[in-house]
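> One structure coming up, written as structure tokens, with questions to follow.
The values are calculated or read from the model by the stated rules, or taken from the named source; none is laboratory data. Remember, it's a predicted structure, so these values are computed and weren't measured experimentally. Quick note on the areas: whole protein, heavy atoms, side chains included, nothing else; ligands and nucleic acids left out. Shrake-Rupley method; radii C 1.70, N 1.55, O 1.52, S 1.80 Å.
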Amino acid sequence: MLVLGGTGAYAFNSHVQEQKRQQSVEQTLSSFHQNVDDLTEEKIQSVKAKINKLKDEEKKQELSQDLRDLEAMYKVNVFVTSLLDSKQVIKDGVTLKQINDAKSKLENIKTIDKSFYEKQKGLLDIVIAQYEDIQKAQKAVSALEKQPKESRYKASKALVEKIKNEKTKQELSKKLAAVYKTIEEEKAKAKALAEAKKREQTKLAQATQKSSTNSTSGKVGSSSYSDSSTSSSKSSSKSSSSKSSSSSAKSSVKSSSSKSSSSTKSKSTASSTKKQGSSSESSKSKSQSKDPYAGGSDWDKFGKFVESSEWEKVDSGYMDGEHGHTWESWKSK
């Protein structure tokens, strides 16, 4: 009876110890589920050793599976958080392969702990969004370097400003600054070229306007001068013609007067020698006295003769060159 009693007590104590070990493992695993961030590789190995000491195989398998799920969660948490810093900014050098691996690992624990899955997915979405921002900015800056344009520069700068990773942002900002310098230099060259072209066009326009003004002024001046000269010449020619006619008339009158005087003398002389000669001279004198200005003294009749007569232009020309004074010659019809 003593032996049986001792064996029963030992078995009871062993069972109690087993229960305590199981409860300890269960509590530990439960605390890990509540805060996976507190998990470490050392803690996982420690719990794994405790589970291995359990004698209840069924319970042992159950707790081992729970630990494996926690270990998978731990690895996902480590992997995802390794892509972000403490401020949830994507770290340097994160690749698309790392992001895809994180997605795959996350899908594997989707059915284990939904709350944990949603939290990790939110962090991974932050990584993906920032990664895409970097990719867009890098492509834009690369294209800008190949074809520097101000419109592209502004768009690229806006994309670079969205990047949260300071190192990547500074690297792209330096490239932007170099491109901006190139753009400004090209703008300065284009502006200088445009200003030079504008000055040349202004000079050409001024020269053309000046040439046109001089040409028009010359034509107007020449025409005015010519008209004035022509008018003056016409007036002068008429006056000259009138004076010429008057002079001719005077000369003719004087000539007639002389002839008349000579005729009278001849008449007086001829009357003593020959009456027939006297009659002939007297007849000739009467014939000449029919001229309106005969006798050289009646200028009023001559003036009326000039005014009442029709005149005909017989010749004209220039004096002192083509643009000088003109002259004209007239005669009565």
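> Which residues' amide hydrogens lie under 5 Å from the amide hydrogen of L84, considering only partners 5 or more residues apart or on another chain, with H built in the peptide plane?
Result for L84 returns K91.
> Follow-up. How high is the relative contact order of the range 1-151, given as a whole-number percent (alpha carbon pairs under 8 Å, six or more residues apart)?
Dividing the mean separation by the residue count of the range 1-151 yields 19 percent.
> Quick one: which residues, 5+ away or cross-chain, put their amide H under 5 Å from the amide H of W311? H built at 1.01 Å from N.
The list, which skips near neighbours in sequence, is K333.
> How large is ³J(HN,Hα), in whole Hz, for each residue of the range 176-192 in order, when computed from phi with the Karplus curve 6.51 cos²θ - 1.76 cosθ + 1.60 and θ = phi - 60°, using x for Gly and Pro?
4, 4, 5, 5, 4, 4, 4, 4, 5, 5, 5, 5, 5, 5, 5, 5, 4
> Let me ask something else. Using a probe of 1.4 angstrom, how much of the accessible area of the range 4-162 is carbon and sulfur, in percent?
C and S fraction of accessible area: 50 percent.
> What number comes out for accessible area per residue over the range 4-113 if the probe is 1.4 Å? Units Å², please.
In whole numbers, the range 4-113 has 62 Å² accessible per residue.
> A further question on this structure: Which residues' amide hydrogens lie under 5 Å from the amide hydrogen of W330, considering only partners 5 or more residues apart or on another chain, with H built in the peptide plane?
The list, which skips near neighbours in sequence, is V314.
> Residue-wise, which Karplus ³J(HN,Hα) couplings in Hz belong to the range 119-132, taking 6.51 cos²θ - 1.76 cosθ + 1.60, θ = phi - 60°, and x for glycine or proline?
Couplings: 5, 5, 4, x, 5, 5, 4, 4, 4, 4, 4, 5, 4, 5 Hz.
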